[in-house]
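One structure below.
The values are calculated or read from the model by the stated rules, or taken from the named source; none is laboratory data. Keep in mind the model is a prediction, meaning the values are calculated, not measured. Virtual Cβ from ideal backbone geometry, glycine too; neighbours counted across all protein chains shown.
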């Protein structure tokens, strides 16, 4: 399995199983199947509301002797209502209890967005906290201290722009190990990747297949499916592979980690097989021409009337 090297020299599995939008019973089976097939990286989050079942799958795989805990890389994430420094460690402890683990390998700040404590999904403007009221650096400082407790091996961020990364690093002096961001041929993010590379930050690509299963309210009427893109389809046909396999191979070829989500056993196996696919320079050049700067997850759900956040300020 291909690995990427983090700032401290740790090997980070470049391919893993995403679990967003996986129903609890389905995600348990997906984790079991994935580990049996050879996956060693599982990506979770408290807000996915399935950590307990993810943990059940991991625990049963370990108990069955399929894998040891040390062989696995488990990531989970801090939700937005726990950005106050005093809430950061309890939030991780809650996730560890659900997962049935003593530690995770990577803990990410899920969004650069703050909410009132215990507000999971805000319904009014008053339930948001602006970044003036709850700035990112104190949250990041509390995240960084978690490695001293042994509750997580690494800390990182998700959905962070280059300027927000600079803000927390300049204030705290600790560089995130990973930034998990939306990455696919329609949103290639070359400038952000270059800024991260200069700091030694590894990128994990989410929505690598276009997140076709996300809620209808997050979809545009005119959006194009990556899996139906003619350029991707042509490359797939030349290699005798699926469009999904080409998209996974592309992410790996760029030096990013990638976490495609599936609960289907055959697709779980096919996604893993994509790690053996090598795209040609011509393939990579053709895919480079597809960049539209188009997000499937644009963060607009944080930008409702009265919110202190805007789409532009999220990604600036």
Take residue 244 and tell me if it is in contact with a strand residue (DSSP E or B) (Cβ under 6 Å, 6 or more places away or on another chain) and in a helix (DSSP H, G or I). no
Being in contact with a strand residue (DSSP E or B) (Cβ under 7 Å, 6 or more places away or on another chain) and under 13 Å from residue 45 (Cα atoms) narrows 108, 115 down to just 108
For the range 64-81, what are the residues that are in contact with a helix residue (DSSP H, G or I) (Cβ under 7 Å, 6 or more places away or on another chain), under 14 Å from residue 112 (Cβ atoms) and not in a loop (DSSP other than H, G, I, E, B)? 77, 78
Across the range 259-274, which residue is surrounded by the most Cβ atoms within 10 Å (Cβ to Cβ) among those that are touching a residue at least 24 places away in the same chain (Cβ under 8 Å) and part of a helix (DSSP H, G or I)? 271
Being modelled with pLDDT under 95 and part of a helix (DSSP H, G or I) is the filter; apply it to the range 7-47 and report the residue that is surrounded by the fewest Cβ atoms within 10 Å (Cβ to Cβ). 25
Scan the range 103-124 and tell me whether some residue there is more than 30 Å from residue 34 (Cα to Cα) and without any contact (Cβ under 8 Å) to a residue 12 or more places away in the chain. yes
Within the range 237-253, is even one residue within 24 Å of residue 50 (Cα to Cα) and surrounded by fewer than 23 Cβ atoms within 10 Å (Cβ to Cβ)? no
Take the conditions surrounded by fewer than 20 Cβ atoms within 10 Å (Cβ to Cβ), at pLDDT below 95 and touching a strand residue (DSSP E or B) at 6+ places or on another chain (Cβ under 8 Å) and apply them to residue 217. Does it pass? no
Within the range 294-304, can one find any residue that is over 29 Å from residue 115 (Cβ atoms), assigned to a helix (DSSP H, G or I) and touching a residue at least 24 places away in the same chain (Cβ under 8 Å)? no
